[in-house]
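Beneath this line is the structure, given in structure tokens, with notes to follow.
Quick note: the coordinates plus some simple rules give every number you see, no bench work behind them. Not measured: the values here are computed from a predicted model. All Cβ positions, glycine included, derive from the backbone under ideal geometry; neighbour counts span all protein chains shown.
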Amino acid sequence: EGEKNKGAQLITTNMVEKNRERRDIPIKGKPPIKDQEWRKAMFFLSKGPSSTLQFLDDNTKAMLFAYKSQAIDGPCTPLHLSMCPSDHSFMAMQQAWLALGDMPKEQAREEFINLLTSLLPDWRDWSDKNADLACFDGDGGEVGRIMKRFHSKG
């Protein structure tokens with residue numbers, strides 16, 4: 001099992017290094033990820049077709065987890081690493097997050113969206129078509145959906 005964890009760590013570290021190399025190339029005129037796009041990505045991740053992410057290998061899932069965690073919580077801490085030490089897939093996700101180091105939250109958002117887009121280029125289309133399922137203005141969830149429908153009938 002120790003060898004399996006070392007292999008997962010090596011693959012995860014290699015994925016992070018590839019993204020660092022890509023990140024070091026400046027992109028002129030590229031606007032930062034806007035909050036709306038981030039919320040759409042989180043909406044797709046939570047409510048989108050569940051089968052779309054099931055085909056992903058464990059390392060790719062770990063990178064999505066790592067970027068999302070970094071974007072929301074910032075750098076991984078030892079406290080995060082002590083949670084569920086016997087769950088090997090969870091530990092691989094934690095190691096991927098740890099490998100991101102001090103990556104800024106905005107950059108983690110960009111990397112998450114870039115990776116999601118490279119895997120599922122049409123995720124934005126799904127999010128746009130199903131936008132009525134979510135309120136991106138703060139109400140959100142089931143209550144927001146019910147209230148939105150209620151107000152549209154009145």
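Rounded to the nearest 0.05, the FRET efficiency derived from the C-beta distance between Asn114 and Gln54 at R0 = 22 Å is 0.60.
The listed peptides 34-44, 88-98, ordered by packing as a protection proxy, come out as 88-98, 34-44 (highest mean of other Cβ atoms within 10 Å first). In order along the range 57-69, phi translates into HN-Hα couplings of 6, 4, 5, 5, 4, 5, 5, 4, 4, 4, 5, 4, 5 Hz, rounded to whole numbers, per the Karplus curve 6.51 cos²θ - 1.76 cosθ + 1.60 with θ = phi - 60° and x for Gly and Pro. A straight chain from Asp122 to Phe90 at 0.36 nm per residue would run longer than the Cα-Cα distance by 8.8 nm.
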